[in-house]
Each structure stands twice: as C-alpha cells, then as structure tokens.
Amino acid sequence: MAHLTEGAEGLRSVPALLARNATQYGNSPAYREKEYGIWQSWTWAETAKEVEELALGLLNLGVNEGDFIAIIGRNRPYLYWSMVAAQSVGAIPVPLYQDAVAEEMEYVLAHCGARFAIVSDQEQVDKVIEIQDDLHQFEHMIYLDPRGLRKYDHTRLHQFSHVQEQGRAAREEFIKELDARRSKLGYDDTCVMLYTSGTTGKPKGVVLSNRNIIETAKASSEFDHLKVDDEVLAYLPMAWVGDFIFSIGQAYWSGFCVNCPESPDTMMTDLREIAPSYYFAPPRVFETQLTQIMIRMEDSGTFKKKVFDYFMEHARKVGPAILDGHDVSAMDRLKYKLGEVMVYGPLKNALGFSNVRVGYTAGEAIGPEIFDFYRALGINLKQLYGQTEASVFITQQPDGEVRSDTVGVPSPGVEIRISDTGEVFYRSPGVFVEYYKNAESTADTKDAEGWVATGDAGFIEESTGHLRIIDRAKDVGAMANGAMFAPKYVENKLKFYPNILEAVVFGAGCDRCCAFINIDLAAVGNWAERNNIAYASYQELAGHKQVLDTIQAHIEEVNASIAQDPMLSGCQVHRFLVLHKELDADDGELTRTRKVRRKIIGEKFADLVNALYDGSPSIYTETEVTYEDGRKGKIKATLEIRDAKVVPATPQKLAAE
Amino acid sequence: MKDTEGYVTADGRQIGGTLMEMKNITLRFGGVVAIQDISFDIREGEVRAIIGPNGAGKSSMLNVISGFYTPSEGEVWYKGQKRPPMKPFEVARQGVARTFQNIALFEGMTVLDNVMTGRLTHMTAGVASQALWWGKARNEEMENREKVERVIDFLEIQNIRKTPVGRLPYGLKKRVELARALAAEPSLLLLDEPMAGMNVEEKEDMSRFVLDVNDEFGTTICLIEHDMGVVMDLSDRVVVMDYGKKIGDGTPEEVRNNQDVIDAYLGVPH
C-alpha cells in the first residue's frame, strides 16, 4: 500500500485534485465557455458536482475499472469533465483528434479496446457508428450536442445530460462504489493514454501515470509561478499532450480557470475577450498574427504608420532588455512607457495579449524576428522543448534568459544527456510508463535506466547551459571532412526571410554545401509591384537579376550567422540557384504536409546539383511538371548559378582541418 | 395523400394536417395572368417545394402566400381560417417568415442587428423606453437576444456576429437572411431560391440547414428552387408550375415521372 501514501502533498490523482480544489477554491471559476454569445462559467465546486454526476452515470452504464473511454471533440468543459469522470471511476480516458478520419479512429479504438466513447456531436457520432461494427469491445456512445441525432437508434447511444440525470437519480445506489474507486486511485495508475500522431507508421499509445502528470504539473507550475487566478484559453486539440498538461494537469494543480472558445472560428475574438495570463501557441499562429498586423499597418494612414514604426523601432531596441530586467537608461524607459500608451498597449489589447504573463511557443523553430517582435511589445514569450513521452516538458526558458535560438535549460527534475551521435536523451519523473501493447517500441525508446531518446540532434551551449536543437537525428549527416551537416538548421534560417518560401540544402558527403531556393511569390511579387518591376511568370521573376541579388544577400547573412557556430560553420552555403518552379507535393517534391523530400529532389534535379558542384555559371534544364488536372508538361529554363560569400570558419575549426 | 390526417414520409416523419391551403388562386397584373387558378395545400411539418421554369409564376405565388400580393381571385386559408386581404407585416405576425431571392438585408448593420430585426414582431415596448433601454424594453431585448443567439448558434455564424453584413460573401448573406427569418420563430417559413448563385459546398450547407430547421424546430417550409437535384432531395411534396398553371403536384418521385413536367422542362417537339 506504499503507493497510497506517497504523492505530491498526498494528492495522487486528478479526481483527488478536483476534490481539493472544490473545497479550497470552491468559488473560483474553473471553466468558462462562450455559448449563446455569453461566457458561461462553472466554479470548482460546481465542476466537482458535474463530474461526480457524470461519473455516477458512467457507473450506471456499467463502466469497469481499467476500461478505456475515448473522448472525441473540440475543447469543451463537458469533455474535460468526461476525462476526469472517467478517471474517477477507474477508467482511462483516451482523447482522440477530432479531425481524424474514421479509419484512423478505428485503429486507435481497436488498439485500446475502448468500450465507451464520449463525443461532441453528430459528425463524430457518425464516424464512430461507421466503424463500430468492426470494434468487438465497443458498447456505448455518449454525445453532447443532440442536434440531428433525434432519429438515431438510441439503444447504445446516450445524451450527455441524460447520463448525468441518471447518475443523479442513482446516486444512493452508486455513491459508495464511486467513493471506493476514487480512493483506490494510486500514484502509478494510468492517468491518461495519448496517441502520438504517428508520422512514422501506426500511432502509438503513450501511457502516462498520475505520477507523470502530477509531478510534471507541479514542477512546471512552480517554474512559472502559476496561480489560482491565472487564465488560459484551451483551443489546441484535446488529444495533444500539451493541452492535457495545461488544461488538466496544471489547471487542477494550480486551480486556474480553463476557457473554451465558442467555436474554432471565433478563437481570435474569444482570445481578446478572455485576455489569458498564460498562453501557448505554435509559431505558425504568431506568424499569421504578425503578418496581419503588418498588412493592416501598411493600409493605415501615414501618421499612424509613422507613429507605429517609430515606437516599434524603439521597442525592438529596448523592449526585450526591459523584459529581461537588464539595464536600460531612464530616457529609454520613459520613451518605452510613452510607446506603451501610444502603440504597444492598444496593440496587445487588440491581440488579446494584454494580460499575458507567461507565453510559450514550441513545436518547430520560430523566426527570430517574429519572436523578438512579441518580446519587444513586452509579452513574455518563451520557448520550450517537449514530447508526449516526457509529459511535455524537457527544457524551457526561465524568465530573463530567453533567446530565439535555444529551447532553454532542463525543466525542474529533468536530466539531459547528449549521446556520441549528437542525439538528445532525457530522464525525468514525467517519463512515460510504456507504449500500450508495444513492448518493442518501448524498449527502443526508453532504456532500463529510464533514459528516453528524443530522435532530435542537439547540443548544450557551454556558456549558458541552454539546449539547442539542430535537426531530427536521422537527418543529420556528415560532410566529407567529417563536420556536422544539418540541412534543416540552415533551411530554417533561410526560410525566416519572407522572400524565401523553401530551401533545399545539399552537402552530405561533399566538401561544401549548396542550395536550391524557392522564392515566395506573394512576398517577391509584392516587392516587384512596389518597385515597378514587370514580370510575366513565376519563372521570369525567379530569374530576375535583382531577385537573385536579394536572395544572395539573404544567404550571405545566413552564412555569417552560421559561421558564429563552431560546430555548424561547415554548413555555410557556397553556391546556390533559384529554382524555376515551385516545389510541389503534386510532383512528389514535398510531402502533403509541405516537408521537403530532399532525396527525391536531389535525384530529380541531378543535373542542377551537378552544376552547383562543378562550378558552371549557368545551366539549361528541362523539368517535367504535373498540372492539377493530372496532365503533364515540361518547363525549360536556363538558370544562373551564383557564388555566395562564405565567412571563414572560426579558428579552432581551421585547426581541425 | 388527400386525407386530412396527414401522412408519413419516406424517412419516417409524421406530417400533420393542413397548415395553409391555396384555393383557386388567380393573380393578374393588368392583362397579364401571372397565376391561373392554382390550388394546393401545405401541411404542418413538411418541406413543400414550388418549382417551374423561368417566368412560371413561382415568386408571384410566394408573394401571395406572404401577403405581398392580394390574389385577384381565390382564397388563402391559414390555420383553418380564411385569410382576409392583409399587409405583409400582418401576415408576418401570424407566423409566416420569408427570405428573398435577391437578399434584402441591412448592409450597414451587423449580422446580430439584422437577425434582431427578425424579432421585431415579438417586441411591444414603446419608443421611449427602447431609447432609454429601461424597464420593459430592457427585459424584452434580453429575452429576444437570447432567442437570436440560439439561432446564431444553430446556423453556426458566431464568428461573424459583429461583422457588418455588407462585408460578407454571398453565401453567408443568404445564411444571415435565413437566420433573420428563423428568429421570428415562424410556423411557416418561405424560402425564395435559397441556393441561387451558390457553389456546391454552400448548397450542401444550406440544404443541411433547411433539413435541420425542419427537423429540430418542426418548422413547415415552403421553398422555391431552380436546382432540381436540391428540390428532389429536400422536399416531401412538390408543386410544379408552368406559364402560371399548375402542371404537377406530388412526391418528388411522382413529379419526376410526370410527362407534363418533363415536357415543361425539356420542351416538346411541336
């Protein structure tokens, strides 16, 4: 019974945290959802009651301990309650991506053998009905929104509110059982099972224990001083581990309020109304917002534009320093205060960032300009590095040590190790228990001592202790002289320029790196328009001398920045060309999620790659293209190849050569 | 089908008794006969379509039902009573709401305000108290706003609640018009070419909303439509008009096999 006495402050499960919150923070808001144009809210005490009624209803339906309950839908309080109600009766919630197609759901539901599903609406009900005949263990489905479902066969289909009603009615009968099951929940029992999206092969069910979730939530809440009066907006998929940690783990540990948007389309309006104090978004969201601000500022009056530009320049200069608590002259501070009144404050208000105390971004590299823009405004945006297998947190940036090119220091309780091959390994209390029914993969990922392989290559900066991620470990290669070749690292740096849409860097096994560049038609076209440069086609614009000059300047800037880095200075781009066509998934050059397929591009444009390396000043080429209707055609072009200035590598690198 | 008890549709919905009956309606504009001696009924809970080639008199018929035109001859019976000549707003008060073929919204007002106008027939507070937003007017507005919000939720237009209608694309404007008509909580909803000018996806959305309205609220719907595929999928019974005359009436299946209807649509060799 040892496991029943341990646990952070004696709290060993999410239902236990709920019970604590219901007494300790009874009248504080736990959930809000905008419905019918008004923010409806539930206090912790009300939440505890809702969850209990649902749990009783689940007992009434015959949920056993250890059953899996699938949860499918967008972020709604009812679905969060469903997860906690499932845990309360000893079942394991399995949130699924709501946009998954029926076959994907079938794999997951069959793999975990779910007996129950709690889903949002008719769309999800239809998907589950479509596959339920092939699911032998599947029994009952509960839905939230009754719209369109009245005529469905209700023998195995139940409305959420009815399940709660029946739970209420059967309280006398089941409350003892519920109390018994709740008090039995141990620190090493499963808290949740999350399926990884499965970019390689079938999705894997990551089993996370109460220990994983609660220890992680506790450590990360303390790291960022999250409190009961914080506010988050829950808008990222419920099946994603981040949402589980933010909206369940940390929310139940700290007792803060989870706000659910009215609909996916109203997210931006809801964000402004809620003005969260703790916010997470992938780089893409920040990027889109910044582009929108810039477009609107271009369209605004001259005076407003001048004021905006003037104060933004000042903010870029001193904003991040003020945020990090560095020394800034009184004059600059005064000017920044004025800017706050004139520009930064109203802008943050319009974006919904007025109250953001802690903001995170993760998932992929964020452009330094984008990152600095938000920090200049005084928004404490930081980066973190995490994985489902780690219950999110591996590293994160502490306040005052924020930079765009690192992912921070190890989170509290996390140990980091870099293997000889450059791969990052970690060990922490948040490390997952296992992949469900997949001992082989578990053994491949996690060793006997609990070290987990991330699959990412990186290194720790000696001076600061910050981790820097370079690339996926399997993409990192070596150049002819043995120096590290990390193409994605260079490509990302290039892609941060708005003019560059895609970049493909070659150099594995060669003595130097060369690159293909795709220009961004929107950005370059806009520039051409403003400068009265006429062009008839993408190809013509891509071959324009001034465009090539601009791209060359970008590449040389990137080279200079790469040269700062002793490990990667070999990856500077020596020669480049601007491709005559856009890389396209229809031609097999990109994946459907727009990731560059380096190998296929290298083979398809072998003549161009040769020309890059043999020193010729231009090359004539013919390329087959597939049109959207499936017809094929040929593009002919003569491409100019240019040399980019390379910055001499740092002294110790020269010595090594 | 002629029984007064109603009938059961192919998908198992129970259709009630007669809600509205048009008896020998004729409509003339000077010498032009727009509608000639047409009789048909609309039953409670059904989706009734009026179809026909251009100039057949469909819109005129809808205008007779909505009270915009007074028929030259014939009687309109509504809820078991003969309807005297009425102004359109009086017809609206009786629970008949409509949308227009060429969208008649207030372009400068927000979606929310436009939909609120649909509640006008349910508001009774005086000008003074409305201007001051006090007492009865205040309660009334809150009550009506709640009803409007349910419609907004139902038609999934929350994200454009505060957007001026003039800024919306055509397909969404059509949906806002439907929202305004629904806000009136009508017993009979008239839709004048709800899918005209829409792309396939917008048509599918609109069809789903029409069916959902009928299903969720039990609203009786009478619609005019050009797109035959849509009509056949949506409606329970169809009236076919040509040159102001009724040439067919029955289930979509019956109408599709009616030789007169085929001739009217495809033309006949003379």
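The figures follow:
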quantity	calculated
Chain B - charge dipole about Cα centre, Lys and Arg +1 at Cβ, Asp and Glu -1, debye rounded to 20	1060
Farthest toward positive dipole pole in the range B:107-183 [+1 Lys/Arg, -1 Asp/Glu at C-beta], among B:Leu132, B:Ile160, B:Gly171	B:Gly171
For chain B, calculated [θ]222 nm from helices alone, where every DSSP H run of n ≥ 4 adds -39500 (n - 2.57)	-10500 deg cm²/dmol
Computed E for B:Tyr265/A:Ala523 - FRET, C-beta separation, R0 51 angstrom, nearest 0.05	0.50
Top positive-direction residue, dipole computed over the range A:1-142 with Cβ charges, set A:Pro77, A:Val128, A:Ala19	A:Ala19
Positive-end residue of A:Ala114, A:Ala86, A:Ala180, charge dipole of the range A:83-199 with Cβ unit charges	A:Ala180
Rh (Kirkwood; distinct C-alpha pairs) - chain A, Å	27.3
10 Å Cβ neighbours from other chains, averaged over peptide B:159-168	2
Computed over chain B: relative contact order in percent, which uses C-alpha pairs under 8 Å that are six or more apart	25
Cα shape, the range A:2-267, gyration tensor, a/c 1.5 rule	rounded
Sites A:Glu287 and A:Asp607 - FRET efficiency at Förster radius 60 Å, r taken between beta-carbons, to 0.05	0.95
Label point distance in nm, A:Asp643-A:Glu622, each placed 7 Å from Cα along Cα→Cβ	3.2
Residue-span extension gain [A:Gln122 to A:Val101] - 0.36 nm each, minus C-alpha spacing	6.1 nm
Residue order, fewest to most beta carbons within 10 Å, for A:Leu149, B:Leu266	B:Leu266, A:Leu149
Helix-only [θ]222 nm of chain A, DSSP H runs n ≥ 4, -39500 (n - 2.57) each, per residue, nearest 500	-11500 deg cm²/dmol
Normalised per residue, the volume of the convex hull around the Cα set of the range B:1-108 (Å³)	151
Fewest-first ranking of A:Val490, B:Val261, using other Cβ atoms within 10 Å as the exposure measure	B:Val261, A:Val490
Partner lysines for A:Lys227 [C-alpha distance under 26 Å; skip if fewer than 8 residues away on the same chain]	A:Lys34, A:Lys49, A:Lys218, A:Lys348, A:Lys382
Point-to-point label distance, A:Trp39-B:Asp233, nm (Cα→Cβ direction, 7 Å offset)	4.0
Values of log10 I(q)/I(0), in the order q = 0.18 Å⁻¹, for the range B:107-183 under a Debye, Cα-only, solvent-free model	-0.69
Sequence of A:Tyr627, B:Tyr265, A:Tyr344, B:Tyr7 once ranked by neighbouring C-beta atoms within 10 Å, starting from the fewest	A:Tyr627, B:Tyr265, B:Tyr7, A:Tyr344
Kirkwood Rh and Cα Rg combined as Rg over Rh, evaluated for the range A:150-197	1.13
Cβ-derived FRET efficiency at R0 51 Å, B:Glu90 paired with A:His154, nearest 0.05	0.75
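We did not get these values from a lab; they are worked out from the coordinates using the rules stated. Note that this is a predicted model, so its numbers are computed, not measured. Counting neighbours? That spans all protein chains shown, and the Cβs are built from the backbone with ideal geometry, glycine included.
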